[in-house]
Amino acid sequence: MSATAQMTPAEFDELEAFLDAQAENDNTPPLDSVHGYFTADLCGPAPRPFDELIDLVLEEAEFASEREAQRARALLGKLWLEIGAALDADALEPLLYTVTDEDEGGAERTLYEGWCLGFLECVEESEGWAAVLDAEASVARPDPERTPVTMALTPIAVLAQHAIREAELELEGDEAPAVPAEMQALLDELTPERTAELVDALGDAVSELHELLAGDRDYNAEKPEPVRVEKIGRNDPCPCGSGRKYKKCHGAAE
């Protein structure tokens, strides 16, 4: 994917405000989740067409006008191109917000949840990702849970699962569903220091995944079938069924 101009700060703010307004009324994801979703698709084994991704993001959005719909698609398209160019340049930085935590004496806190959840959602929905992960899991290894792609995914998956677990416990308390033992062990290790380490590792994880899956993108990407048009000879019967030769019927205009 070739390089393209980056979004201007004004365009970024415009897209962020649009998605935030939509998120108040429906299931349209916020900008950091969209960024994570696009990143997972573009660094994955079988990137999907742009129109398909945009439809997934905007499927429940409501627009004040056709102009607003076109503008939203244009801005998302620019974001998609920017992410692809950054991946190709090995310079992708996850979109993570920073807030001041007043309960912790004004300390800054990185909001990784939205980006990681968007990334993980794409992985779980993508047939290409599923094929790669299933293939890795089927290979006999001393430790099948530590295969290359799953290892690279670890920082993203653990942080996303932590966010999911925290939400489940808050909503359901003791009735929250159990977590697989392997993932629970990783969640139990999430001290503030370990969490910070995983957040710092997100960019490197994406770079590694983009490199690991390069061959799969080359060979598994869907390509449109060529369109073949059968040429009608001037002396052939006209396909309209008139019984006359093509040159004496619908081909006469030629």
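The values are calculated or read from the model by the stated rules, or taken from the named source; none is laboratory data. Since we're looking at a predicted model, the values are computed, not measured. Cβ sites come from the backbone with ideal geometry, for glycine too, and all protein chains shown count toward neighbours. SASA here: full protein model, heavy atoms, side chains in, ligands and nucleic acids out. Shrake-Rupley method; radii C 1.70, N 1.55, O 1.52, S 1.80 Å.
So which of ALA74, ALA89 ends up being free of Cβ contacts under 8 Å to residues at least 60 places away in the same chain, open to solvent by 40 Å² or more (accessible area, probe 1.4 Å) and small (Gly, Ala, Ser)?
ALA74
Helices (runs of 4 or more DSSP H) wholly in segment 10-90 with at least 1 residues that are over 21 Å from HIS210 (Cα atoms) and among the charged types (D, E, K, R) - which ones?
Working: elements: 31-43, 50-58, 66-88.
Result: 50-58, 66-88.
Which count do you get for residues in segment 91-139 that are over 12 Å from ALA40 (Cβ atoms), part of a loop (DSSP other than H, G, I, E, B) and hydrophobic (A, V, I, L, M, F, W, C)?
Of the residues in that region, 4 qualify.
Considering only segment 145-181, state which residues are small (Gly, Ala, Ser) and touching a helix residue (DSSP H, G or I) at 6+ places or on another chain (Cβ under 7 Å). If you could, list the steps in order and put the result at the bottom.
Going through segment 145-181, the residues small (Gly, Ala, Ser) turn out to be 152, 157, 160, 163, 167, 173, 176, 178, 181.
If the condition is that a residue be small (Gly, Ala, Ser) and touching a helix residue (DSSP H, G or I) at 6+ places or on another chain (Cβ under 7 Å), then ALA152, ALA157, ALA160, ALA163, ALA176 are the ones that fit.
Tell me the residue from TYR112, TYR97 that is among the aromatic types (Phe, Trp, Tyr) and more than 21 Å from PHE18 (Cβ to Cβ), please.
Working: TYR97 fails: more than 21 Å from PHE18 (Cβ to Cβ).
Just a single option satisfies the conditions, and that option is TYR112.
Taking the condition within 26 Å of SER207 (Cα to Cα) and in contact with a strand residue (DSSP E or B) (Cβ under 8 Å, 6 or more places away or on another chain), does TYR97 pass? Talk me through it step by step, then tell me what you get.
Values: within 26 Å of SER207 (Cα to Cα): yes; in contact with a strand residue (DSSP E or B) (Cβ under 8 Å, 6 or more places away or on another chain): yes.
The answer is yes for TYR97.
Look through ALA163, ALA196 and report the one residue that is farther than 20 Å from ASP41 by Cα and open to solvent by less than 20 Å² (accessible area, probe 1.4 Å).
Values: ALA196 fails: open to solvent by less than 20 Å² (accessible area, probe 1.4 Å).
On inspection, the qualifying residue turns out to be ALA163.
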